[in-house]
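Single-structure report; data block below.
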Amino acid sequence: MLLLPASTLHPQRPPQPKDSSTRLPEVSILGTAEQRKWIPGAVHFLDASALARSRVLSTNEALRKVSGIVVRDEEGLGLRPNIGIRGLNPTRSTKTLLLEDGVPITLAPYGDNAAYYHPPVTRMAGIEVVKGAGQILYGPQTVGGVINYITPGLPSRSGGSARVAGGSNDFANAQVRTASVNGASGVLLDVGRWRGIGARRNTRSDVTDASLKLVLPLRGQQRVIAKANAYREGSQVTYSGLTEREWSVDPRQNPFRNDRFDITRVAGSVAHEWSAGPRKLVTTAYAHDISRDWWRQSSNSAQRPNTASNPACGGMANLETGCGNEGRLRRYQVVGVEPRLTQPLLLGSLAGSLDVGARLHREKQMRRQENGPTFDARSGTLLEDNLRETAAVATFAQARVGTDRWSVTPGLRVEHIVLTRRNFLPVAGSPAGVGGRTALTELIPGLGATLAANNALHFFAGVHRGFAPPRNEDVISNSTGGVVDLAAERSWNTELGARWRGGPQWTVDATLFQMDFSNQIIPASVAGGTGATLTSAGRTHHRGVELDLRGELPASLGLVPFVSLAATWLPTARYVGPRYVYLGADGGDVVGKVYAEPSMRAARTRVSVTGNRLPYAPEAFLTASLGVRRGDGFDLAVEAVHQGEQFADPTNRRVTVPDGQQGSIPATTLWNATLNWRPPLPGFTLFASVKNVADALVIVDRTRGLLPGMGRVVLLGAERRF
């Protein structure tokens, strides 16, 4: 208490609203609509009706309905979303904390926070986004924001639903959800299967996802909630984009038709809840095991088979004769436990609440690379054999104290992280390999305030420390075991905003934000195709405005118009400290370090990028929807998704290079349309949806070469609740 460790994101918790359809509330990190009014920062909630009304095809499409978020497409189906918040680089969503029911879901949240796995959005009952000081309760990533995917709660009675959909691009989806309820206990089963062709030829995916949730009440206001999930994806997909020449010939081609991505994830969690009035203790234990193998013949557009690098290959024409492949073989094991206590807080005449807790977390990465002799090999010469382990202990507390008109919310998170790396392959001077270890401790404070002008209008402000730990591989050398000079990512993030709730029909949120990084970690050479290599970029500055609006207009002619808008203006996202890149003979950014070796200075041209815009940070982006609904269960909506021009590398030049990894990404506007109809049959809904109505061809990424966005997709489906 000397550190004022405490509180929740909200005041004394009002009674939970009764819901006739749900006995077990979903695991929310924001609380009820009333509680969200008092959170000292920007928060957003997409409920099940918002997701169903637009029939979102992927998580990418869903998250674009929230201001401040840019989601960069990759294979077209949203299986590996690249999520950037407020101008942060979206590659692999590494600057975003992803949770499912409050539990981290990325491969290795501390040592490799990469979203190669992502749960299907069709399984979710809602999506929560936290971008302010409240995110320090959830760490370790507190830089951009927290996204929590909420799975359905247990219904009040036995029943379920079934949904089927199909359409162009060989898309097919089937999902069944069923629940058996007996009093306060029950079990919920959710099974989904879907497939589809991506944005390029020779690209397709097949996914199976199954989840089981068990609720068991105990004596003394206690219960246990257990969850298990199994996920399997098999994809024909390559890692590499296209060169400029390949794009000019056919922008939807994929010459590497034998590349294969396979991932299996098994996960589980057990939560014990104990409550005594407003006091509540939840202890959650969680674990997951992920195997991810990616066999490919190219990793980026600058890596093309040729006689010089592979004499047995002889070029692109011989991909299936003399050319081999590379197997990037990964396994991740994560375990953790987190107790979290919420209780009332009284300080004289002031009242509030307190959240305090801790986390013990451990993760293991087993990484191998084998180069196969043929295009379809599944074993070969061992080039990498690494074991990377991370152990973390976190404590956190946040308090909310105030009156029914104002509140102050101080908080503190402490992270202690130990990273180790072991290279089992022989290196110079060490036939048995090398290993290394390093540790860091970080204090992550936050302070927020809210003020109620009236019951509908609330103002908020907040400041907090942004923190993201470096990866094992980036701070411990693979050749010496020594510690590399790569600091943790740190920033100060501030917000000022307002939210207005005009009854159940209207919500408006507006936020001014600023992020000042003393050290932002960015790809060392975005244009050089080496996005896995990171450097301490030094100071960067982000500033912008967000606006979210949802509501209904007065009815006319039996129709009720509805609108939604998620708009962001990001005028500032730039380097402000010393930052240099080194240009090669073709103009490509080949080093991207603050300093280079003396021998390189004669061969390369050093260019300052201080003041330049950060890569993949468009100045303006928005999603706007306009629709109408009828009382007989009919609704139609049209949606526009706009994204401003982006730069693919720190030089901000529009001049392209042959490998396609440098240049601008032009502004785009895509249109979607969705129709839902509930016929006079109990529980039935029929729907039709068209994504990218105009079938526009757009560039979505240059990181590893040119990638196209998804073309037009037409979906038809039916859903029934029983």
Quiz prompt | Given (1) at pLDDT 95 or above; (2) over 22 Å from Leu57 (Cα atoms), number of the condition Arg157 does not satisfy | solution = (1)
Quiz item: Can you tell me how many residues in the stretch 203-227 are over 20 Å from Thr264 (Cα atoms) and hydroxyl-bearing (Ser, Thr, Tyr)?
Solution: 0
Quiz prompt | Any strands (runs of 3 or more DSSP E) falling wholly within the stretch 408-527 and containing at least 1 residues that are aromatic (Phe, Trp, Tyr) | solution = 457-468, 489-502, 506-519
Quiz item: Does Val71 meet the test of being part of a strand (DSSP E or B) and either at pLDDT below 95 or hydrophobic (A, V, I, L, M, F, W, C) (or both)?
Solution: yes
Quiz item: Can you name every residue in the stretch 149-193 that is under 22 Å from Gln221 (Cβ atoms) and small (Gly, Ala, Ser)?
Solution: Gly153, Ser156, Gly183, Ala184, Ser185, Gly186
Practice problem: Output the qualifying pairs, or none if there are none: Cβ atoms under 7 angstrom, residues six or more apart or on different chains, first residue in the stretch 653-678 and free of Cβ contacts under 8 Å to residues at least 12 places away in the same chain, second residue buried (at least 16 other Cβ atoms within 10 Å of the Cβ). | Solution: Arg654/Gly663; Arg654/Ser664
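Condition check ((1) farther than 30 Å from Val408 by Cα; (2) surrounded by 20 or more Cβ atoms within 10 Å (Cβ to Cβ)) across all residues:
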position: Ala351; (1), (2): no, no
position: Lys364; (1), (2): yes, no
position: Ala377; (1), (2): yes, no
position: Thr381; (1), (2): yes, no
position: Leu387; (1), (2): yes, no
position: Thr390; (1), (2): yes, yes
Practice problem: Considering each residue of the stretch 550-577, count those that are in a loop (DSSP other than H, G, I, E, B) and either touching a Pro at 6+ places or on another chain (Cβ under 9 Å) or touching a residue at least 40 places away in the same chain (Cβ under 8 Å) (or both), and give that number. | Solution: 5
Quiz item: Would you say Arg157 is under 26 Å from the mean Cα position of the chain (by Cα) and more than 23 Å from Pro708 (Cβ to Cβ)?
Solution: no
Quiz item: Would it be correct to say that Val690 is hydrophobic (A, V, I, L, M, F, W, C), touching a Phe, Trp or Tyr at 6+ places or on another chain (Cβ under 7 Å) and modelled with pLDDT of 95 or more?
Solution: no
Quiz prompt | Answer residue from the stretch 237-257, given it is among the polar types (S, T, N, Q) and crowded, with 19+ Cβ neighbours inside 10 Å and is nearest to Asn318 (Cα to Cα) among those | solution = Asn254
Quiz item: Of Arg292, Arg330, Arg304, Arg340, which residue is assigned to a strand (DSSP E or B) and touching a helix residue (DSSP H, G or I) at 6+ places or on another chain (Cβ under 9 Å)?
Solution: Arg340
Quiz item: Can you name every residue in the stretch 523-549 that is crowded, with 21+ Cβ neighbours inside 10 Å, out of contact with any Pro (no Cβ under 8 Å at 6 or more places or on another chain) and modelled with pLDDT of 95 or more?
Solution: His542, Glu546, Asp548
Quiz item: Can you find even one residue in the stretch 214-234 that is of a type in the set (Gly, Ala, Ser) and on the phi > 0 side of the Ramachandran plot?
Solution: yes
Self-check item: Of residues in the stretch 603-633 being of a type in the set (A, V, I, L, M, F, W, C) and either modelled with pLDDT under 95 or closer than 20 Å to Arg543 by Cα (or both), the one surrounded by the fewest Cβ atoms within 10 Å (Cβ to Cβ)
Solution: Ala603
Exercise. Could you please tell me which pairs satisfy a Cβ distance under 7 Å, a separation of 6+ or placement on different chains, a first residue in the stretch 127-148 that is farther than 16 Å from Lys37 by Cβ, and a second residue that is assigned to a helix (DSSP H, G or I)?
Key: Ile127/Ala62; Thr142/Gln135; Thr142/Ile136; Gly145/Gln135; Val146/Gln135
Quiz item: How many residues does the stretch 328-349 hold that are within 25 Å of the chain's Cα centre (by Cα), over 18 Å from Asp289 (Cα atoms) and surrounded by fewer than 21 Cβ atoms within 10 Å (Cβ to Cβ)?
Solution: 2
Quiz item: Restricting the search to the stretch 137-163, which residues are among the aliphatic types (A, V, I, L, M), touching a Lys or Arg at 6+ places or on another chain (Cβ under 9 Å) and in a strand (DSSP E or B)?
Solution: Val146, Ala162
Practice problem: Read through the list (1) part of a loop (DSSP other than H, G, I, E, B); (2) surrounded by 24 or more Cβ atoms within 10 Å (Cβ to Cβ), then give the number of the only condition that Arg80 fails. | Solution: (2)
Practice problem: Determine if the stretch 500-522 includes at least one residue that is modelled with pLDDT of 90 or more and at positive phi. | Solution: no
Self-check item: Per-region count, the stretch 672-711, residues surrounded by fewer than 16 Cβ atoms within 10 Å (Cβ to Cβ) and under 25 Å from Ala648 (Cβ atoms)
Solution: 4
Quiz item: Which condition number does Pro426 fail, the rest of (1) in contact with a strand residue (DSSP E or B) (Cβ under 8 Å, 6 or more places away or on another chain); (2) more than 30 Å from Glu34 (Cβ to Cβ); (3) modelled with pLDDT of 90 or more being met?
Solution: (1)
Quiz item: When residues of the stretch 193-222 are filtered for being more than 16 Å from Gly78 (Cα to Cα) and buried (at least 17 other Cβ atoms within 10 Å of the Cβ), how many remain?
Solution: 4
Self-check item: Failed criterion for Val66 (all others in (1) in contact with a strand residue (DSSP E or B) (Cβ under 6 Å, 6 or more places away or on another chain); (2) outside any strand (DSSP E or B); (3) aliphatic (A, V, I, L, M); (4) surrounded by fewer than 24 Cβ atoms within 10 Å (Cβ to Cβ) hold)
Solution: (4)
Exercise. Filter the stretch 677-722 down to residues that are closer than 24 Å to Gly627 by Cα, in contact with a Ser or Thr (Cβ under 6 Å, 6 or more places away or on another chain) and assigned to a strand (DSSP E or B), then give me how many there are.
Key: 5
Exercise. Examine the stretch 207-227 for a residue that is out of contact with any His (no Cβ under 8 Å at 6 or more places or on another chain) and closer than 30 Å to Arg304 by Cα, and state whether such a residue exists.
Key: yes
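The values are calculated or read from the model by the stated rules, or taken from the named source; none is laboratory data. As the structure is a computational prediction, the values presented were derived from the model and not from experiment. Positions of Cβ are backbone-derived with ideal geometry, glycine not excepted, and every protein chain shown enters the neighbour counts.
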